[in-house]
Amino acid sequence: MQNQEAVRQKVRAGYGQIAKSGGSCCGSSSNSCGCTELDSEQLARHIGYSAEELAALPNGANMGLSCGNPNALAALKPGEVVLDLGSGGGFDVFIAGKKVGATGRTIGVDMTPEMLAKARKNIETYRQTSGLNNVEFRLGEIEHLPVADSSVDAIISNCVINLSPDKPQVWREITRVLKPGGRVAVSDLALLKPLPSGISEMVEALIGCVAGAALVSETERMAKEAGLTDIALNPKAAYIDGMVDWQDPLYRKIVANLPEGTRPSEYITSLEITARKPAASEPAKSQTRIQVYDPAMCCSSGVCGPDVDPVLVRFAADLKWLQEQGVQVERFNLSQSPMAFVENELVKQALTDKGEAALPLILNNGQVSSMGRYPERQELASRAGLSQPIATIYSLGVGELVAMGAAIAANCEPCLKYHYREAQMLGVSKEDMAQAVQMGAKVKDSPHQAILKLADRLTGAALSQPSTEPDACCGAAEAGESSGSGTCCG
């Protein structure tokens, strides 16, 4: 308990200084966090906030303390009661207030008096610009929320839960205050694997939301044990890579303390978390349960680091599909959750008999369904009692290749940079990326060549480039040739 209170005091003091200085942990003013250069609006735009949302905020509400956009995840509706954990200067509270409208209400809770004073000062500006009187800010700790039981429709939080020294208690409080059927949408920082000791001991990293982060697998476990259901976790490593690219001072310190040749995004990720409190009248479901026991890997799914096995990428997508069909999926990594292997007698016996050759081991409703391999989606679906899905070549990696080609065609440099990083994280080869961007360039160039060919025919200018390859948009048809089809090639 003494250690927990010491952590709270460090966080309270650090964020109190941020509020007084008018800066942020990753903002434009120098402060105790050590982050000085990153523009708060640039960060907010990077993680999905619109220009309209940011322009409507009171001055100083956006302090650059975000690592995601929980408002977008929560899909808030008019008339709802929303609670923001660790509301800071009121950034997400004011945005949520507009979404729930005059019949709704948004409550911000923060343990730092300086932050609370800053947020309350902005209420009058919010009222004048929005015409709404539906926000309030309360002093309190997120482990002991000053909110009544079963009184909130939705809970949001932005890069705050990782700061708590008692995260299981935070998730229990979330469940307590949510109405039956209510939902939670959190953007937080989480760990793909444990941090080196030099980083976990840095006060700057603690206040910057890094040293206190939990493993992704632990986050899921805490939410589940608190009584939440329909838990979904979506890592967004591009946020961390962006902080390094922007040369944020905190992340420069982290890089300096990492093992040589590694990147912060191999350890840390921005994590989107959504979950729901079961409805009071919700009948108990007879739910298929799939448990996956992986060999030792760098992160919870193995889909991280510079060299990613495409089989793991495919299997991760298949498990996500199972969850979307209502199957309960649990996944354990030998390097991160060794006790799970010891506590299950079937798994323990398989390891005794065959050693690590038994892994991956997959249980279906407590019975061994496969050993030493990752089954295809059709086999998983059959064992879960689902109709077999139509064969498809689409995957997360294919989606990123499509997006890279579209970025070239649209002349969108930030888009290309973002989707290149996402493809890297999924293990997509540079050869496949090159083919994708080449096709995007061809698609972009086709209309240009078509108008030049038309100019050639009309004026004899010889501007177009002769090509023996089929047109990227129109196939073998001559671009600009009339076919009477009414299409872009007609």
*Residues in the stretch 414-434 that are in a helix (DSSP H, G or I) and surrounded by fewer than 14 Cβ atoms within 10 Å (Cβ to Cβ): how many?*
4
*Looking at (1) farther than 21 Å from Ala316 by Cβ; (2) modelled with pLDDT of 65 or more; (3) buried (at least 18 other Cβ atoms within 10 Å of the Cβ), find the lone condition where Met243 falls short.*
(2)
_Total residues in the stretch 219-237, condition more than 19 Å from Ala74 (Cα to Cα) and without any contact (Cβ under 8 Å) to a residue 40 or more places away in the chain_ = 1
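Determine which member of the set Lys77, Lys99 is part of a helix (DSSP H, G or I) and either touching a Pro at 6+ places or on another chain (Cβ under 6 Å) or among the basic types (Lys, Arg) (or both).
Values: Lys77 fails: part of a helix (DSSP H, G or I).
Checking each option against the conditions leaves just Lys99.
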*Can you confirm whether the stretch 174-193 contains a residue that is open to solvent by 20 Å² or more (accessible area, probe 1.4 Å), touching a strand residue (DSSP E or B) at 6+ places or on another chain (Cβ under 9 Å) and at pLDDT below 85?*
yes
_Among residues of the stretch 304-363, those that are within 19 Å of the chain's Cα centre (by Cα), open to solvent by 70 Å² or more (accessible area, probe 1.4 Å) and among the acidic types (Asp, Glu), counted_ = 1
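Quick one: in the stretch 105-157, of everything that is among the acidic types (Asp, Glu) and surrounded by fewer than 21 Cβ atoms within 10 Å (Cβ to Cβ), which residue is farthest from Arg176 (Cα to Cα)?
In the first step, residues of the stretch 105-157 are kept if they are among the acidic types (Asp, Glu); the result is 110, 114, 124, 136, 141, 143, 149, 153.
Filter once more, keeping what is surrounded by fewer than 21 Cβ atoms within 10 Å (Cβ to Cβ): 114, 124, 136, 141, 143, 149, 153.
Details: Glu114: 27, Glu124: 31, Glu136: 20, Glu141: 15, Glu143: 11, Asp149: 5, Asp153: 12 Å.
So, considering only residues that are among the acidic types (Asp, Glu) and surrounded by fewer than 21 Cβ atoms within 10 Å (Cβ to Cβ), the one farthest from Arg176 (Cα to Cα) is Glu124.
Here's the yes/no breakdown for (1) surrounded by 15 or more Cβ atoms within 10 Å (Cβ to Cβ); (2) out of contact with any His (no Cβ under 6 Å at 6 or more places or on another chain); (3) at pLDDT 90 or above:
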site: Arg263; (1), (2), (3): yes, yes, no
site: Leu271; (1), (2), (3): yes, yes, no
site: Pro283; (1), (2), (3): no, yes, no
site: Arg289; (1), (2), (3): no, yes, no
site: Pro295; (1), (2), (3): yes, yes, yes
*Please work out which one of (1) of a type in the set (Gly, Ala, Ser); (2) over 25 Å from the mean Cα position of the chain (by Cα); (3) assigned to a loop (DSSP other than H, G, I, E, B); (4) modelled with pLDDT under 80 is the condition Ser446 fails and give its number.*
(3)
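Residues in the stretch 105-116: is at least one at pLDDT 65 or above and touching a Pro at 6+ places or on another chain (Cβ under 8 Å)?
Initially, the stretch 105-116 is screened for residues at pLDDT 65 or above, giving 105-116.
From what's left, touching a Pro at 6+ places or on another chain (Cβ under 8 Å): 109.
Checked the stretch 105-116: at least one residue is at pLDDT 65 or above and touching a Pro at 6+ places or on another chain (Cβ under 8 Å).
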*Could we say that Asn411 is touching a residue at least 24 places away in the same chain (Cβ under 8 Å), open to solvent by 50 Å² or more (accessible area, probe 1.4 Å) and touching a strand residue (DSSP E or B) at 6+ places or on another chain (Cβ under 9 Å) here?*
no
*Please indicate, with yes or no, whether at least one residue in the stretch 85-97 is open to solvent by 10 Å² or more (accessible area, probe 1.4 Å), small (Gly, Ala, Ser) and either more than 17 Å from Asn158 (Cα to Cα) or at pLDDT 90 or above (or both).*
no
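The values are calculated or read from the model by the stated rules, or taken from the named source; none is laboratory data. Just so it is clear, the structure is predicted and the values come from calculations on it, not from any experiment. Glycine also receives a Cβ, built like all others from the backbone with ideal geometry; neighbour counts cover every protein chain displayed. Heavy atoms of the whole protein, side chains included, go into the accessibility calculation; ligands, DNA and RNA do not. Shrake-Rupley method; radii C 1.70, N 1.55, O 1.52, S 1.80 Å.
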